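Working notes, beginning with the structure itself.
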Amino acid sequence: MRPLLLAPALLLAAPLLAACTESTAPSSDAAAGDDVVTVSSTDDACEVSSTEVPSGKVTFEVTNDGSQVTEFYLLAGDGQAIKGEVENVGPEATRQLVLAVPPGDYVTACKPGMSGEGIRADFTVTDSGADLTPTGDDAELVDQAVTQYQAYVQDQSDQLLAGTKAFVKAYENGDDDQARALYPVARTHWERIETVAESFGDLDPKMDAREADLEAGQRWTGWHLMEKDLWPARADDYTALTPKQRRVYGDDLLANTDDLVGRIAKLELTVDQIANGSRGLLEEVATGKVTGEEEYWSRTDLYDFQANVDGARVAFEGVRPLLERNDPDLADQLDERFTALQKLLDQHRDAAAPKVDGQSGFVGYDQLSTSEVKQLADAVNALAEPLSRLTAAVLA
Amino acid sequence: MPRPASISRRGLLGGGAAAVGLGGAFAVGRASEAAGSSAGSGSVESERYALRGQHQPGIVTPAQDRLHFAAFDVLTEDRDELIDLLRSWTDAAEEMMAGRAVGSGAIGSFDLPPDDTGEALGLPASGLTITFGFGPGLFATTEGEDRFGLADRRPAGLEDLPHFPGDALIEARSGGDLCVQACAQDPQVAVHAIRNLARIGFGTVSVRWSQLGFGRTSTTSTQQETPRNLFGFKDGTDNVKAEEVDALDEHVWIGADDDPDAAWLAGGSFLVARRIAMDIEVWDRQPLGDQEDFVGRAKGTGAPLSGGEEHTAPDFSLAGSDGPIIPTTSHVAVVHPDHHDGVRMLRRGYNFVDGTTDLGALDAGLFFLAYVRDPRTHFTPVQQAMSRHDALMEYLTVTGSAVFAVPPGAGEGEYVGEPLFG
């Protein structure tokens, strides 16, 4: 589990398309013609090597010459809107902030100690005539991506709630066949937005913990407890839960799902979180699904696998127009590899298995041969490697 | 974003350039690590070899101590994608052999996974050589499909080896469409090389199997001491050595006229790889006299049982009390070139220990690597004789096997294997 992959950026919604930060690198890193502005941040000063540069690509090389952790900001002329930032620059460290800046008045700020309004100074960008892609188009593409993905997350969480309700009802009523049929379908909606769901670090362990993940003394609740109760064949000396216990665990899952869905409705995602979510979902596949660990009892891993891939693909498609402009080759490669992985997954569909969205379900994971699992692993690696560059390419 | 200039893992920019091969072959650069230190004082870690030359490195290069060997299946069906990979691999191999990080290095943009995985940062080149080979599957799949349009260039000698008695091959440890042999004085450097090449290959190729080796079991230069295998015996005494130029041409390098269909392979070689598991615990219970009879050499000195020093030629006709003093079933008698029309191999094997088995025995043996001009004349008959007659076979099980055509060295601006696709 990687519950916080999405979370840290939530509070500090980074300005979109602003920046990429770099570690210390040879100064040859900045191509000829780019302006490099060095910034020395100390505990009580912010020395900027020049206060005026021509418009175009500007690299701020920020060195922390103080004793506290510092931040550097380029703010709009009003001193409020953030155009770009580097955070967490430790003492003696150097970070780069690379920006494409249009002409105008700006404000620079160092923030030793990471609080307060920082040590500010005016900064001017003159018109060099350089052609900077209008930010208006970007903003529109970003808005579209966020709106679409937000709607997707919302829809999936609604379906998760409905699916969970139906599942819990069947489970609590002792209708095991029905519960077993509903289980992988309801979980599909969880797995499609797994990185979002897991970003709520208090709920995830209550809802999605596997028995092997538990710490000593931790109480086991959630999906996988009921999974084991419905598919106890691989368990030694298993004692089935009583109807009363079933009600306790079923109601608990439903309450947590309700809570989750309420919180998701208030989420505001940023485009880098969406791109990171795509990568995160593929990591879920690589670490939990392809290994057949997620659904140890029910062997319904391929449903989760497919759902993670669905979510990753929707997130990718959301940011695709931005990627298309920045790195069309990467967009094509990701298209190809999503398609190749889907083709492999489709080979394992089973018309008799519970359907999701009207599509056939999947055979049990134990039906796959070692070489079939290896093929899936290869396709996941093939996709995950370029996907690891998605966020940076989208923000470039 | 501009790509930072690739930096040396040790800040060695330009200091001690690798010697590019005298005549292309056997390119040895004993570049000293720090500028100003006297020539010849370089440690083994500071050895550097050139990727480019008439032959690939890692064949006659004095055998390094450590190995990571990987075999790959090709996933793509697109010839251009395969060529792109070979080009990327060649570039990355050249960087790593020079002691530099691959691509834009291990420390770059905070927003991207670094191009280089970083575990070799701060380590010198360590004599790293990277050697590439092509398996039979590149020329035709098992279903006979010519997926890359290479079938008419398939070398006649590149065919799956026949089954030998004593083989208990594990499919997942055998075969492969491509191979990469990474040898170095530092295991971390060898593993770094395979790891980064595998990463570059994701989506185009898939690792089929890989093998770590510690401790070379052969000498490929007269300057090296003969090492010992895990049976405790000196191994590779009569190996073809880098200094034996004529023998290399006769037994190792493929000649221009060897195979008209595979003219691209001239200057290359064939590589036979065999994972030979040793029954270590049982072997250790054999009396020394028996051990020496099985091998045909003295355990201490490595001299043949017919007398002399390690490098004295064995006398197979010298009689003992009960037949020849070097038993006819001894390893040296069974495989000696005198009994195989004079054919020799360039062996480059490594000891391996992959932990222990479920029963607590060492999962250990010899990862046998041999470079030969033609496996059909230089390997198969010798292996057949060994499987049938060699007393050592009682303690050996071959669990993996593969054969590769190793293209000649890449010239300036070329990728390894370019003549095959040209």
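Assorted remarks:
- With a requirement of 1 or more residues that are in contact with a Pro (Cβ under 9 Å, 6 or more places away or on another chain), the strands (runs of 3 or more DSSP E) lying completely within segment A:77-186 that satisfy it span A:82-89, A:119-126.
- Hits in segment B:61-77 (condition: open to solvent by 10 Å² or more (accessible area, probe 1.4 Å), touching a helix residue (DSSP H, G or I) at 6+ places or on another chain (Cβ under 7 Å) and either without any contact (Cβ under 8 Å) to a residue 40 or more places away in the chain or more than 14 Å from every other protein chain (Cβ to nearest Cβ) (or both)): B:Arg66, B:His68
- Hey, A:Arg349 within 14 Å of chain B (Cβ to nearest Cβ) and at negative phi or not: no
- Restricting attention to segment A:40-56 and to residues that are open to solvent by 70 Å² or more (accessible area, probe 1.4 Å) and in contact (Cβ under 8 Å) with a residue 40 or more places away in the chain, the residue that is nearest to A:Val125 (Cα to Cα) turns out to be A:Glu52.
- Counting the residues of segment A:235-282 that are open to solvent by 50 Å² or more (accessible area, probe 1.4 Å) and either assigned to a loop (DSSP other than H, G, I, E, B) or touching a residue at least 60 places away in the same chain (Cβ under 8 Å) (or both) gives 15.
- Looking only at segment B:97-112, residues that are touching a residue at least 40 places away in the same chain (Cβ under 8 Å) and either in a strand (DSSP E or B) or charged (D, E, K, R) (or both) come to 2 in all.
- Only residues that are open to solvent by 10 Å² or more (accessible area, probe 1.4 Å) and hydrophobic (A, V, I, L, M, F, W, C) were counted in segment B:175-191, giving 1.
- The set of residues from segment A:175-205 being at pLDDT below 95, open to solvent by 10 Å² or more (accessible area, probe 1.4 Å) and acidic (Asp, Glu) comprises just one member, A:Asp202.
- Subset of segment B:204-226 that is among the small types (Gly, Ala, Ser) and at pLDDT below 95 - its residue that is farthest from A:Ser371 (Cα to Cα): B:Ser221
- Residues of segment A:352-379 that are open to solvent by less than 40 Å² (accessible area, probe 1.4 Å), more than 11 Å from chain B (Cβ to nearest Cβ) and among the charged types (D, E, K, R): none at all.
Rundown of residues vs (1) over 17 Å from the mean Cα position of the chain (by Cα); (2) modelled with pLDDT of 95 or more; (3) surrounded by 15 or more Cβ atoms within 10 Å (Cβ to Cβ), yes/no style:
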| residue | (1), (2), (3) |
| --- | --- |
| A:Asp138 | yes, no, yes |
| A:Thr147 | no, no, no |
| A:Ala170 | yes, yes, yes |
| A:Asn173 | yes, yes, no |
| A:Ala209 | yes, no, yes |
| A:Thr221 | yes, yes, yes |
| A:Trp231 | yes, yes, yes |
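- Counting only residues that are outside any strand (DSSP E or B) and among the hydroxyl-bearing types (Ser, Thr, Tyr), segment B:356-387 holds 4 of them.
- Applying the condition of being within 7 Å of chain B (Cβ to nearest Cβ) and in a helix (DSSP H, G or I) to segment A:380-394 and asking which residue is surrounded by the fewest Cβ atoms within 10 Å (Cβ to Cβ) yields A:Glu385.
- Some residue of segment A:85-103 being among the charged types (D, E, K, R), buried (at least 19 other Cβ atoms within 10 Å of the Cβ) and touching a residue at least 40 places away in the same chain (Cβ under 8 Å): yes
- Residue in segment A:144-154 that is among the polar types (S, T, N, Q) and farther than 20 Å from A:Gln273 by Cα present: no
- Condition met for A:Gly66 (in a loop (DSSP other than H, G, I, E, B) and either more than 14 Å from every other protein chain (Cβ to nearest Cβ) or buried (at least 20 other Cβ atoms within 10 Å of the Cβ) (or both)): yes
- Counted residues, segment B:153-204 - those being within 14 Å of chain A (Cβ to nearest Cβ) and hydrophobic (A, V, I, L, M, F, W, C): 6
- Of all residues in segment A:325-344, those that are in contact with a Leu (Cβ under 7 Å, 6 or more places away or on another chain) and away from every other protein chain (no Cβ under 13 Å) total 1.
- Identity of the residue in segment B:205-234, hydroxyl-bearing (Ser, Thr, Tyr) and open to solvent by 10 Å² or more (accessible area, probe 1.4 Å), that ends up nearest to the other protein chains (Cβ to nearest Cβ): B:Ser210
- Checking B:Gly149, B:Gly118 one by one, the residue that is within 14 Å of chain A (Cβ to nearest Cβ), at pLDDT 95 or above, part of a loop (DSSP other than H, G, I, E, B) and surrounded by fewer than 23 Cβ atoms within 10 Å (Cβ to Cβ) is B:Gly118 and no other.
The values are calculated or read from the model by the stated rules, or taken from the named source; none is laboratory data. Keep in mind the model is a prediction, meaning the values are calculated, not measured. Every residue, glycine among them, receives a Cβ derived from its backbone with ideal geometry; neighbour counts consider all protein chains shown. With ligands, DNA and RNA removed, areas are computed over all heavy atoms of the protein, side chains included. Shrake-Rupley method; radii C 1.70, N 1.55, O 1.52, S 1.80 Å.
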